[in-house]
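Structure record follows, encoded as structure tokens.
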Amino acid sequence: MKKYSNEIKVGVFFVACLIGLLYLTVSTGKFHIKKRGYNIYVVFDDVAGLGKDSPVMINGLEAGRVQGIEFTQEGETKIKLKLLLQPDVKIWDNSKVSIKTLGFMGEKYVHIASFKGKEFIKPQAQLLGKSPLDMEVLLGEAETLSKNINTLAEEAKKLAETLNMTVGENRQSLSRVISNAGEITERLDFTLRKNGKSLDQIIKNLEKISINFEEFSEDIKRRPWKLLFKTKEKN
């Protein structure tokens with residue numbers, strides 16, 4: 001009897017473990033039984049590895065799951081996601097749908113940014129999603145940007161060197177001009193000091209000539225016949 005009692009305990013423990021495991025599976029959303037809600041569809045050019053049963057978040061809150069993924073057969077090759085949203089969740093017709101990642105290398109999910117629009121979308125509606133940025137493209141753009149920055153830095157360095165050289169040359173030229181101006185000033189000063197008396201005498205003579213000319217002019221105005229008499233005498 002004791003033997004059967006131990007077996008019953010083991011069996012009960014095993015069943016309890018199965019029930020607990022089933023509960024954890026259902027509660028974490030990895031396994032769903034008779035899911036309730038409504039479906040909408042979103043078309044992407046690229047889903048970046050998004051998988052089936054990935055979470056759907058509306059404005060940061062989980063509100064559904066990716067129920068299906070398939071290729072479209074309408075012209076260009078695109079990918080259509082079938083989303084199952086909770087029955088009480090409503091999103092506006094101008095909502096933006098994109099694919100994001102939880103953390104830097106975390107799980108991918110569908111992000112719906114819903115803002116007030118004209119009306120709520122209806123079940124089975126189809127939206128156009130915004131494809132995620134390709135990391136290779138981003139890295140390539142970052143590399144190109146880095147090269148451009150290095151090129152600009154080299155050009156700025158060359159420009160600074162040219163400016164320094166130009167300023168240096170102009171500084172030397174300016175020094176020569178100032179030096180020459182000083183020499184010219186000294187020569188002028190020496191010349192003025194050396195010939196100061198002569199210049200004073202010349203100025204005085206010019207003043208006398210000017211006075212005599214004025215007196216002569218006044219005399220001619222008063223006695224114009226003097227000019228005639230002098231002309232006859234010369235003849």
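The values are calculated or read from the model by the stated rules, or taken from the named source; none is laboratory data. Since this is a predicted model, take the numbers as computed values, not measurements. Cβ atoms come from the backbone with ideal geometry, glycine included; neighbour counts cover every protein chain shown.
Odds and ends about this structure:
- As a summary of the residue check, residue 22 satisfies the conditions (1) modelled with pLDDT under 90; (2) among the hydrophobic types (A, V, I, L, M, F, W, C); (3) closer than 20 Å to residue 113 by Cα except for the one numbered (3).
- Residue within the range 212-232 that is modelled with pLDDT of 70 or more and touching a Ser or Thr at 6+ places or on another chain (Cβ under 9 Å) present: no
- Residues located in the range 49-68, provided they are in a strand (DSSP E or B) and closer than 24 Å to residue 118 by Cβ: 56, 57, 58, 61, 63, 64
- Subset of the range 124-149 (residues that are at pLDDT 75 or above and within 13 Å of residue 48 (Cβ to Cβ)): 129, 130, 131
- Of the residues making up the range 64-78, those that are closer than 24 Å to residue 122 by Cβ and modelled with pLDDT under 90 are 72, 73, 74, 78.
- Scanning the range 93-123 for residues that are assigned to a loop (DSSP other than H, G, I, E, B), basic (Lys, Arg) and at pLDDT below 90 yields a total of 2.
- Residue within the range 69-92 that is out of contact with any Gly (no Cβ under 8 Å at 6 or more places or on another chain), of a type in the set (Phe, Trp, Tyr), in a loop (DSSP other than H, G, I, E, B) and surrounded by fewer than 16 Cβ atoms within 10 Å (Cβ to Cβ) present: no
- Total residues in the range 180-211, condition among the small types (Gly, Ala, Ser) and at pLDDT 70 or above: 3
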